[in-house]
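Q: Below is one structure. I have some questions about it.
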Amino acid sequence: MTTFDRILPLVALVLRDFFPSLPEGSILVNRDLNGRVRLVIRESLREDPPYRNLFSDLASRLKEELGPHAAPDESFLIFEKDMENARGGAPSFPLDGMETVLVVDRLVSETPWNLIAPESTGAPRIVFFSVKGGVGRSTALAVSAWSLAQSGKKVLVLDLDLESPGLSASLLPEDRRPQYGLVDWLVEDLVDNGNLVFDSMTATSLLSHDGEIYVVPAHGREPGEYVSKLGRIFMPKILPDGIRTCWSERLSRLIGSLEERWKPDVVLLDSRAGIDEVASACVTSLGANLVLLFAVGGDQTWSGYRILFDHWKRSGTIGQIRENMQVVAAMLPDVGTRESFEALREQSYGLFLPTYDEISPGEGRTDLWSFEETDETAPHYPWPILWNRGFSSLGSLHSRLESVDPREVGLVFGPLLDSLKTALQKEPSGNA
């Protein structure tokens, strides 16, 4: 019995027998929301006898192999005049071994992981992401914002962990939280009412010191009907000219407006953990200049990251995103620290190695992207964070950072903070 994972290998196997006879760009493989396959054929070939017979034979073979994953007979072959229009803006990628045959993958999610937005040209955007929760990601972001502000930076922080918000509590006392948050704007924007809440969704942190920390929480002082609002934020918006904008495009527009309003030097985005709609937007759709992959030892972390890396490889987009990645070794134990770090580095290297360019012995090319396991400049070489009881609770972090000794922060987060500052020196500022 054919299962979902066998669909594309079987389509590729059958198509290889017919591929030499197909005109270039004449066929699309459409996989619908239910996982059923149809072939979209260029209309001009419909009445051409040789091709009519060829497509009939191809359809018979595919339906036999795909079984329940083949569309019904009457809709298995679809003829279209405009092949680009037939894609309808859905994610697409070349079928394995056949660059001119595109797979059009229809997804319920409107922020697919394989559509990588161009990097932001404004203030550098840094995403804090993990496939597993409870690894200290939000704490590290809050400390990073504090440290950058200590050095005079204007930092814009967005709490995009919408289903488990809490970052704002670490940077803002209760009485400084704004009236509204991100979820309020996303709901109001659907009815062209976003301007009403825009000026009341950002607060400045008392931890700013020489710089500024502008915090945009997931929700305001009073969450209100948060669950009901959360259930609507992923809705697309239809503009007056009929153009349909997905939720991540709306979110990107909001971030652009916030940048214009506050003129930050850097934007820090706290992504939801896991492989979901919010994480996809943060990692791929918002123009991130740097994505920090928080990792701990154990199979949960690495199996999740392998799922994403394999997806990017299959869709041909790994080259667009690999250079923006950086692994962070989160919560390294204070006993056996070196051994734990080296074990995590080895796992990280195994994740990245298939994405590196192959270099032949003696080859002196400098245009290839590849690193040795011990290369400290490599994206797989982790930026370490030590576990520390005093920094393990977001709820107490605000009061702790008010009086903490910077040297203590350096002992726990020093490599992360130093590396972030180095990375920002390399990024052109949109506000210079």
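Q: Do any residues in region 101-120 that are in contact (Cβ under 8 Å) with a residue 40 or more places away in the chain and open to solvent by 30 Å² or more (accessible area, probe 1.4 Å) have Cβ atoms under 7 Å from those of residues that are among the hydrophobic types (A, V, I, L, M, F, W, C) and assigned to a loop (DSSP other than H, G, I, E, B), where the two are at least six apart or on different chains, and which pairs are they?
A: Partner pairs satisfying both residue conditions: 106/33; 106/90; 108/33; 110/246; 117/286.
Q: So if I check each of 300, 320, 347, which one is free of Cβ contacts under 8 Å to residues at least 60 places away in the same chain, open to solvent by 40 Å² or more (accessible area, probe 1.4 Å) and assigned to a helix (DSSP H, G or I)?
A: Selected residue: 347, the only one of 300, 320, 347 that is free of Cβ contacts under 8 Å to residues at least 60 places away in the same chain, open to solvent by 40 Å² or more (accessible area, probe 1.4 Å) and assigned to a helix (DSSP H, G or I).
Q: Then there is this: Just for region 219-252: of the residues that are in a helix (DSSP H, G or I) and basic (Lys, Arg), which one is farthest from residue 126 (Cα to Cα)?
A: Looking only at region 219-252, we keep the residues that are in a helix (DSSP H, G or I), and these are 226-230, 247-252.
Imposing the further condition that a residue be basic (Lys, Arg) reduces the set to 229, 250.
On the way: 229: 26, 250: 19 Å.
Among them, the one singled out is 229.
Q: So which pairs qualify, if the first residue must be in region 275-286 and touching a residue at least 24 places away in the same chain (Cβ under 8 Å), the second must be charged (D, E, K, R) and open to solvent by less than 10 Å² (accessible area, probe 1.4 Å), the Cβ gap must be under 9 Å, and the two must be at least 6 apart or on different chains?
A: Every condition considered, the pairs that remain are 282/270.
Q: Could we say that residue 266 is more than 11 Å from the chain's Cα centre (by Cα) and open to solvent by 10 Å² or more (accessible area, probe 1.4 Å) here?
A: When the stated conditions are applied, residue 266 does not pass them.
Q: If a residue has to be within 34 Å of the chain's Cα centre (by Cα) and open to solvent by less than 50 Å² (accessible area, probe 1.4 Å) to count, how many in region 1-36 make the cut?
A: The total comes to 17.
Q: Suppose we filter region 174-217 for residues that are open to solvent by 30 Å² or more (accessible area, probe 1.4 Å), assigned to a loop (DSSP other than H, G, I, E, B) and either on the phi > 0 side of the Ramachandran plot or touching a residue at least 24 places away in the same chain (Cβ under 8 Å) (or both); how many remain?
A: The total comes to 8.
Q: Something else now. Between 39, 54, 95, 66, which is hydrophobic (A, V, I, L, M, F, W, C) and more than 34 Å from the chain's Cα centre (by Cα)?
A: Just a single option satisfies the conditions, and that option is 54.
Q: For residues that are closer than 14 Å to residue 27 by Cβ and at pLDDT 90 or above, tally how many sit in region 62-84.
A: 6
A quick yes/no check of all residues on (1) of a type in the set (A, V, I, L, M, F, W, C); (2) over 30 Å from residue 244 (Cβ atoms); (3) surrounded by fewer than 18 Cβ atoms within 10 Å (Cβ to Cβ):
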{"site": "98", "(1), (2), (3)": "yes, yes, yes"}
{"site": "122", "(1), (2), (3)": "no, no, no"}
{"site": "136", "(1), (2), (3)": "no, yes, no"}
{"site": "148", "(1), (2), (3)": "yes, yes, no"}
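Q: Name the residue, out of 252, 280, that is closer than 17 Å to residue 119 by Cα and open to solvent by less than 20 Å² (accessible area, probe 1.4 Å).
A: 280
Q: Okay, next question. Can you pull out every residue in region 331-349 that is under 17 Å from residue 292 (Cα atoms), of a type outside the set (Phe, Trp, Tyr) and modelled with pLDDT of 95 or more?
A: Once the filter is applied, which keeps residues that are under 17 Å from residue 292 (Cα atoms), of a type outside the set (Phe, Trp, Tyr) and modelled with pLDDT of 95 or more, region 331-349 yields 344, 345, 347, 348.
Q: Looking only at region 268-278, decide whether some residue is of a type in the set (S, T, N, Q) and either in a helix (DSSP H, G or I) or farther than 15 Å from residue 132 by Cβ (or both).
A: Among the residues of region 268-278, not one is of a type in the set (S, T, N, Q) and either in a helix (DSSP H, G or I) or farther than 15 Å from residue 132 by Cβ (or both), which makes the answer no.
Q: For region 56-75, indicate whether the set of residues that are over 30 Å from residue 144 (Cα atoms), open to solvent by 20 Å² or more (accessible area, probe 1.4 Å) and assigned to a loop (DSSP other than H, G, I, E, B) is non-empty.
A: yes
The values are calculated or read from the model by the stated rules, or taken from the named source; none is laboratory data. Since we're looking at a predicted model, the values are computed, not measured. Cβ atoms come from the backbone with ideal geometry, glycine included; neighbour counts cover every protein chain shown. Accessible surface is based on the protein model in full, side chains and every heavy atom, while ligands, DNA and RNA are left aside. Shrake-Rupley method; radii C 1.70, N 1.55, O 1.52, S 1.80 Å.
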